[in-house]
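Here's the structure we're looking at; comments come further down.
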Amino acid sequence: MMELHTSFTEENYLKAIFKINERTNKAASTNAIAYQISTSAASVTDMLKRLSEKGLINYEKYKGVTLTPGGNRIATNLIRKHRLWEVFLVTKLNFSWEQVHEIAEELEHIKSDSLINRLDNFLGNPRFDPHGDPIPNAEGKFMIRNQTSMDQMLPGTSGVLVGVREHDVPFLEYLNDIKVNIGTEFTILDKIAFDESLKVVIDKEREMQLSREVSRNLLIKRIND
C-alpha cells in the first residue's frame, strides 16, 4: 500500500491529537488542540477538515477528534522517532534532558525508516526516553509500567523516579538544581495538610520539601514495602 504523504504541520497535529487522547482518554476538542499546537481555533478547524479528507482522523463538529488507524500509525511513528533521537542526543552527544526536546522536534520528521531502525538498534533498543516516556517499537506498541505520581504516595512509602509529566525547560532545570533525575530514590516522610506539599528524603541522604505541583509531575515506581 502506498504511504500517504503528510506535511510536517499535519504530522504535528496528528501527534498533538494522539497526546490529548492519551492524556484525557477522550476525544480531543478543537480548543485543546489549539492550545497544544499554540495556534488559533480557526486554524485548527481548517486542518481538521484536511486531515479528515485524508482519512487520518475521525472528526465530527462539537464531538471532538480521534485518530483513525492510519493517523495513529503516523503519530506513534513520530513519537518513536522523537524519543529515540532524545536518547541519542543525551547518551551519545551528552546533551542534558532539558536541551533535547526542540532538536528532536526537528529530527522526528526524517522519513527514512531504515535510518530509524538502525538508530534503534545502535542505541540497544531502549524502552524509555531520557524523561522516562515509553518508546513505541516499530509496530507502534508501548511498554506499560507500574508507576504513580508522587503526590499520590503515602508517608512511609518509597520509590524511584521513572518519569516526569512536565517537560518544560524551567521544570527540568529546577530538578537539575535539586539534583533529581531518572533513578533518584525518594522516601515520603510527611504530607502537609495546608498545601499538600511533601516532606521527602532524597537518595537516603537529603531531606527536602516539594510542592504539590512538583510532586504531581514526578512519576514514581514504588519500592516493595
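The values are calculated or read from the model by the stated rules, or taken from the named source; none is laboratory data. Just so it is clear, the model here is predicted, and its values are computed rather than measured. Ideal geometry is used to build each Cβ from the backbone, glycine not excepted, and the neighbour counts take in all protein chains shown. We work out accessible area using only protein heavy atoms, side chains counted, and drop any ligands, DNA or RNA first. Shrake-Rupley method; radii C 1.70, N 1.55, O 1.52, S 1.80 Å.
Just a few scattered comments:
- For mean projected area of the Cα convex hull in nm², the candidate list reads (1) 14.2; (2) 11.4; (3) 13.2; the entry that matches the value derived from this model is (1).
- Relative to the longest principal axis of the Cα atoms of the chain, the long axis of helix 8-24 lies at roughly 50 degrees.
- Rolled with a 1.4 Å probe across the full set of protein chains, the surface gives residue 111 an accessible area near 110 Å².
- Relative contact order [Cα under 8 Å, 6+ residues apart], the chain, whole percent: 15
- Annotation: amide H-H contacts under 5 Å for residue 59 (H modelled 1.01 Å from N, sequence separation of 5 or more, or interchain): none.
- If you sort 177, 113 by accessible surface, 1.4 Å probe, largest first, the order is 177, 113.
- For the chain, the longest principal axis of the Cα atoms and the long axis of helix 41-53 meet at an angle of about 60 degrees.
- Converting phi to 3J(HN,Hα) with the Karplus coefficients 6.51, -1.76 and 1.60 and the offset θ = phi - 60°, the range 162-169 yields 10, x, 10, 6, 9, 10, 4, 4 Hz in sequence order, with x at every glycine or proline.
- In a fully extended conformation the segment linking residue 143 and residue 185 would gain 12.9 nm over its present Cα-Cα distance, using 0.36 nm per residue.
- Accessible surface of the range 75-189, 1.4 Å probe, proportion on carbon and sulfur as whole %: 51
- Surface exposure of the chain, expressed per residue as accessible area with a 1.4 Å probe, stands at 57 Å².
- Remark: the range 64-70, residue by residue, has Karplus-estimated 3J(HN,Hα) of x, 10, 10, 8, 6, x, x Hz, where x stands for each Gly or Pro and the curve is 6.51 cos²θ - 1.76 cosθ + 1.60 at θ = phi - 60°.
- HN-Hα J in Hz across the range 128-139 - Karplus 6.51, -1.76, 1.60, θ = phi - 60°, x for Gly and Pro: 9, 8, x, 9, x, 7, x, 9, x, 7, 5, 8
- Ordering of 156-163, 130-137 by packing [mean C-beta count within 10 Å, highest first]: 130-137, 156-163
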